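J.: Pasting a structure here, questions to come.
The values are calculated or read from the model by the stated rules, or taken from the named source; none is laboratory data. None of the values given here were measured: they were computed from a predicted structure. No Cβ is skipped: glycine too gets one built from the backbone with ideal geometry, and neighbour counts run over all protein chains shown.
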Amino acid sequence: MTANQFSRRTFLGGTAAGAGLLLGGSSLITACSGSTEPPPAAPLTPVNFHLSWFDSVQFGGSYLADANGHYAGQGLDVTLVPGGPGVSPDTSVIAGQSIMGISAANFAGQAKADGAPIKIVGVAMQRNPFVIASLTSNPINEPKDLEGRRLGMAFNNQLDLELLSSLNGVDVNAIEVIQADYDPAPLVNGEVDSLLCWLVDLPVAMTVAGIDNTTMLFADFGYAVHSQTYIVTEDTLANRRDDVLALLRGEILGWQDHKADPDTSAQVTVDRFPDAGMDLETETVKAHEFVKLMFSDVTDASGFLWWTDQSVADNIRVLKALGVNVTEDFWDRSLLEEIYAGGPVL
Amino acid sequence: MSATAETAATAPARPAGGSRLDRVPPRVLSSAVGIAVLLLWELLARTVYAGSYRLSPPTAVVVEFFEFRGLYLRNLWHSTKTAAWGFLWGNLAAMALAVASTLVPWLRRSIGAVVLTVFCLPFIAIAPILRLITGPGNATPIALSALAVVFTTYVAALLGFDLAPGSALDVVRSYGRGRLTAFRSVRVRASVPALFAGLQIAAPAAFLGAVVGEFTGAHRGLGILTVRALGALQTDRIWVIAVMATIVATGGYLAIGALGRYLCPWSPALDVGAVPVPHAEPGLLNRLAGLLAPIAVVFVFWYAFLWVFGIEPFFAKTPVDVWAELFSVSEAPETRSIIFGALGTTLWTTSLGYVVGLVGALASALVFILVPWLERALMPIAVALRSIPIIVTTPVIILFVGRGLLTTTAIVAVMSFFPTLVNCYTAMTRTPEGILDVLRSYDATSTANVRNAYLPTSVPALLASARIAVPTSLLGATVAEWLATGDGIGAVMVTAFTRNDFKILWVSVAVLTIVAVIGYWLVAAFELRTLERMAPGISR
């Protein structure tokens with residue numbers, strides 16, 4: 001079935017032989033996932049899906065969805081648009097250039113509070129991936145340890161640090177903040193004692209380089225902000241609901257494949273972007289870390305991208321402390337409810 | 001400053017005598033300095049900075065390059081291609097505007113104002129707005145790259161057209177032919193040297209635009225590879241990219257200079273820095289109209305931009321919105337304190353770097369003129385360094401200065417230092433031989449030579465460099481604040497953008513652009529007054 005779709009897609013798209021080889025290799029996983037989508041009858045609908053960062057295994061499930069034909073199986077021809085430090089996926093969605101984008105509840109929430117008509121329709125990371133990373137020889141295990149230490153972070157995380165501090169009774173003025181961004185070198189060189197970063201980013205680079213490090217997850221200390229959230233506009237929800245449903249189904253199938261075999265997901269990612277110079281070992285470690293952030297008891301019980309009402313209440317409270325005022329209607333779970341009507345696995 | 005090589009060879013304006021080193025061929029001297037720098041670099045990287053993830057030794061850089069040469073060359077090719085397209089479109093636009101300004105003189109002020117305003121727009125804030133218009137793909141990097149070159153090429157082309165010899169224009173006129181013929185047969189030819197000097201400066205600028213453009217989302221390119229390498233502790237990779245970017249930018253600079261000399265061998269290349277500012281029209285009313293018309297044109301363009309591209313109200317802020325955000329809405333006082341507080345920091349660090357860069361450049365130019373062997377050894381390096389994109393220099397400066405406020409100052413100083421040095425030095429080498437002869441006959445000391453000959457001859461070049469350095473310094477400062485320090489208006493813009501706060505973003509862009517334009521005109525006014533007083537013949 002899957003192999004069939006695959007060659008169909010190859011014919012339709014006129015894909016090169018090399019890509020066919022790659023896809024053939026990964027069709028194995030699809031067979032395991034037992035997907036039963038019907039072959040597309042109509043020509044594929046082209047849509048843009050705006051990712052939140054440069055090409056990375058952070059979107060491994062999406063690459064698998066493409067490689068394993070899940071998007072095509074849903075009748076979509078999906079272009080995965082890369083992000084970067086100088087672009088916001090929210091703007092691409094609001095401007096109607098992308099049907100869906102990946103953002104975080106705080107960024108998308110700010111746009112929503114300013115009047116942008118957007119909604120969250122899926123949450124890939126219920127646990128926020130922000131951490132304080134430190135060297136194991138000089139560890140930061142809880143927020144209180146930050147007092148009197150030097151912290152390297154990007155300046156636009158100031159509010160997040162203040163919030164973590166106030167949630168945990170830490171004097172934020174006792175933390176010496178030094179600008180550092182996308183770069184673990186200041187910590188390794190001893191210019192700072194800690195870094196505010198993503199669990200799956202700089203700490204992995206240090207681990208691969210053989211540097212022992214300790215991470216303290218923000219989510220374990222009250223910082224409840226949904227991350228890697230899937231956002232769409234209200235207009236899209238009203239007029240192109242079926243396309244959004246199809247895209248979400250493709251995503252879910254892709255991420256189920258990723259969960260089943262993170263190693264292959266890393267391999268597919270590295271092969272897909274030969275000009276990025278990615279390191280397979282690093283991407284493989286990350287692929288496994290992302291599974292831990294994206295899958296939990298909640299998703300086991302209700303399906304990938306799901307969130308609980310309790311987590312929405314927590315988010316609203318924490319976002320308010322960040323100066324972002326949103327209400328429950330910022331989250332719309334009706335699409336996932338429809339998709340998972342038959343159970344938490346597609 | 002492609003003229004440097006020739007003037008250095010013949011330089012009539014040098015003090016006699018001097019060191020034995022003066023007899024060593026320049027090539028040997030600069031090679032010796034280059035080798036010394038490489039050895040010192042290798043030594044530092046292997047000792048003081050060993051294992052620091054900061055400085056890679058040159059040998060490791062070479063090994064890394066050859067190991068992953070396919071990866072590096074593909075990314076280099078991509079960024080270079082983007083920059084080349086931007087270079088082409090930006091320069092075509094600039095030349096078209098310069099032609100229009102020359103043929104229809106009453107348009108000149110308004111076109112000049114719009115082009116200057118575009119040049120003063122902070123790159124890091126307009127990149128995301130461009131992305132909004134163009135959508136995914138390579139259009140945003142190309143557009144940014146084009147915007148980065150328009151102003152300098154426009155100024156250079158305009159200067160070139162204006163430099164047409166009056167006698168030749170008179171001949172055309174005496175045959176009863178019009179402006180168009182004069183333009184075709186005289187001005188176009190006359191513009192070649194100045195135009196190519198402008199294109200030389202445009203080459204590295206286009207590269208910078210392309211790399212910043214990649215930050216708005218792309219699959220490949222040197223900018224993306226840099227960010228990836230920083231996050232992954234791949235120090236060797238960062239240095240390979242820095243070295244490649246330097247070689248390509250310098251190569252472009254030298255190649256265009258060579259092409260200019262090939263096309264126009266009869267005339268020494270000029271620098272854009274030598275552009276005299278136009279005379280203000282006499283009369284208060286005329287002056288006022290001359291000032292207000294361009295401002296009005298800029299506002300018309302602002303509205304037209306929003307309207308033509310149909311930008312959603314959520315993103316699009318008009319001048320009225322910006323005014324309201326700053327002065328009438330309830331959060332206005334808070335907005336003002338954020339924006340002007342940050343602006344204060346930026347202006348303080350930038351002006352310090354600006355002054356240090358200009359004064360240092362003038363002092364170095366004097367040292368070079370008095371100690372010729374030093375000039376021969378170091379000038380080629382200065383010419384090369386001048387063309388390195390700021391995004392590549394920033395990590396190196398962070399290495400030595402850290403990430404404090406001083407980093408912005410250092411980056412701004414470096415950005416204004418090299419062009420000013422090259423311009424001032426070249427001007428000094430053109431000191432009329434007659435003046436030096438007079439001084440020599442009085443047995444004047446070097447100090448007297450400096451005071452009476454070299455300093456005065458370099459003033460026009462210094463002032464012109466100072467004028468062009470206003471917007472480039474602010475550009476450098478905002479990039480530094482973004483990448484290194486997290487302070488000032490650059491940080492406010494990036495924060496506003498990542499938080500989807502378009503009100504603050506537009507207010508910052510408007511305020512910073514106005515400051516840059518005002519700074520430019522203040523220096524231009526000072527330049528005009530000084531030149532009128534010093535040498536009424538120079539300013540037209």
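J.: Name the residue that is farthest from the chain's Cα centre (by Cα), counting only residues in region B:105-151 that are hydroxyl-bearing (Ser, Thr, Tyr) and within 20 Å of B:ILE518 (Cβ to Cβ). Reasoning before the result, please.
T.: Here is the first cut: in region B:105-151, the residues hydroxyl-bearing (Ser, Thr, Tyr) are B:110, B:117, B:134, B:140, B:145.
Those left that are additionally within 20 Å of B:ILE518 (Cβ to Cβ): B:110, B:117.
Numbers: B:SER110: 22, B:THR117: 15 Å.
Ranking the qualifying residues of region B:105-151, first place goes to B:SER110.
J.: Still on this model: Those residues that are within 20 Å of B:VAL149 (Cβ to Cβ) and of a type outside the set (Ser, Thr, Tyr), I need them from region B:248-263; list them, please.
T.: Residues of region B:248-263 that are within 20 Å of B:VAL149 (Cβ to Cβ), as a first pass: B:248-260, B:263.
Selection gives B:VAL248, B:ALA249, B:GLY251, B:GLY252, B:LEU254, B:ALA255, B:ILE256, B:GLY257, B:ALA258, B:LEU259, B:GLY260, B:LEU263.
J.: When region A:111-125 is examined, which residues are found to be within 21 Å of A:ASN239 (Cβ to Cβ) and within 11 Å of chain B (Cβ to nearest Cβ)? Show your work before the answer.
T.: First pass over region A:111-125, keeping only residues within 21 Å of A:ASN239 (Cβ to Cβ): A:111-112, A:115-122.
If the condition is that a residue be within 21 Å of A:ASN239 (Cβ to Cβ) and within 11 Å of chain B (Cβ to nearest Cβ), then A:ALA111, A:LYS112, A:GLY115, A:ALA116, A:PRO117, A:ILE118 are the ones that fit.
J.: In region B:507-528, how many residues are surrounded by 23 or more Cβ atoms within 10 Å (Cβ to Cβ) and either more than 24 Å from the chain's Cα centre (by Cα) or modelled with pLDDT under 90 (or both)?
T.: Qualifying residue count, region B:507-528: 1.
J.: Find the residue count for region B:319-366, including only residues that are within 24 Å of B:GLY476 (Cβ to Cβ) and of a type outside the set (Gly, Ala, Ser).
T.: As a first pass, look at region B:319-366 and keep what is within 24 Å of B:GLY476 (Cβ to Cβ): B:338-365.
From what is left, the residues that are of a type outside the set (Gly, Ala, Ser) are B:338-340, B:343, B:345-350, B:352, B:354-356, B:358-359, B:362.
So the count comes out to 17.
J.: Still on this model: Select from region B:204-231 the residues that are more than 7 Å from every other protein chain (Cβ to nearest Cβ) and farther than 18 Å from B:THR498 by Cβ and list them in ascending order.
T.: B:PRO204, B:ALA205, B:ALA206, B:PHE207, B:LEU208, B:GLY209, B:ALA210, B:VAL211, B:GLY221, B:LEU222, B:THR226, B:ALA229
J.: Within region B:169-200, which residues are surrounded by fewer than 24 Cβ atoms within 10 Å (Cβ to Cβ) and part of a loop (DSSP other than H, G, I, E, B)?
T.: B:TYR175, B:GLY176, B:ARG177, B:GLY178
J.: On to the next question. Can you tell me which residue among B:ALA164, B:ALA203, B:ALA143 is assigned to a helix (DSSP H, G or I), more than 30 Å from B:PRO58 (Cα to Cα) and assigned by TED's automatic domain parsing to the domain that holds B:CYS120? Full working, then the answer.
T.: Details: B:ALA164 fails: assigned to a helix (DSSP H, G or I); B:ALA203 fails: more than 30 Å from B:PRO58 (Cα to Cα).
Residue meeting the stated conditions: B:ALA143.
J.: For B:THR478, are the conditions met, namely being within 23 Å of B:VAL422 (Cβ to Cβ), part of a helix (DSSP H, G or I) and β-branched (Val, Ile, Thr)? Before the answer, list the steps.
T.: Numbers: within 23 Å of B:VAL422 (Cβ to Cβ): no; part of a helix (DSSP H, G or I): yes; β-branched (Val, Ile, Thr): yes.
No: the conditions fail for B:THR478.
J.: Something else now. Take the residues in region A:271-282 that are within 10 Å of A:TYR63 (Cβ to Cβ) and part of a helix (DSSP H, G or I), then tell me which one is nearest to the other protein chains (Cβ to nearest Cβ). Lay out the reasoning, then the answer.
T.: Quick first cut of region A:271-282, residues within 10 Å of A:TYR63 (Cβ to Cβ) only: A:271-273.
Checking the rest, the ones that are also part of a helix (DSSP H, G or I) come to A:271-272.
Values: A:ASP271: 14, A:ARG272: 9 Å.
Of everything passing the filter in region A:271-282, A:ARG272 is nearest to the other protein chains (Cβ to nearest Cβ).
Table: residues versus (1) in contact with a Ser or Thr (Cβ under 8 Å, 6 or more places away or on another chain); (2) modelled with pLDDT under 95; (3) over 23 Å from A:GLY115 (Cβ atoms).
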site: A:THR284; (1), (2), (3): no, no, yes
site: A:VAL291; (1), (2), (3): no, no, yes
site: A:SER296; (1), (2), (3): no, yes, yes
site: A:ASN325; (1), (2), (3): no, yes, no
site: A:GLU328; (1), (2), (3): no, no, no
site: A:TRP331; (1), (2), (3): no, no, no
site: A:GLU337; (1), (2), (3): no, no, yes
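J.: How many residues are within 14 Å of B:PHE502 (Cα to Cα), of a type outside the set (Lys, Arg) and not in a helix (DSSP H, G or I) when one looks only at region B:317-337?
T.: 1
J.: One residue is enough: does region B:467-474 have a residue meeting the conditions within 13 Å of chain A (Cβ to nearest Cβ), among the hydrophobic types (A, V, I, L, M, F, W, C) and either crowded, with 20+ Cβ neighbours inside 10 Å or within 19 Å of the chain's Cα centre (by Cα) (or both)? Give the derivation first.
T.: Step one: list which residues in region B:467-474 are within 13 Å of chain A (Cβ to nearest Cβ), which gives none.
So far as region B:467-474 goes, no, none of its residues is within 13 Å of chain A (Cβ to nearest Cβ), among the hydrophobic types (A, V, I, L, M, F, W, C) and either crowded, with 20+ Cβ neighbours inside 10 Å or within 19 Å of the chain's Cα centre (by Cα) (or both).
J.: Here's another thing I want to ask about it. Considering only region B:232-267, state which residues are within 10 Å of chain A (Cβ to nearest Cβ) and modelled with pLDDT of 90 or more. Break it down into steps so the answer makes sense when it comes.
T.: First, the residues of region B:232-267 that are within 10 Å of chain A (Cβ to nearest Cβ): B:232-235, B:237-238.
Correct list: B:ARG237 only.
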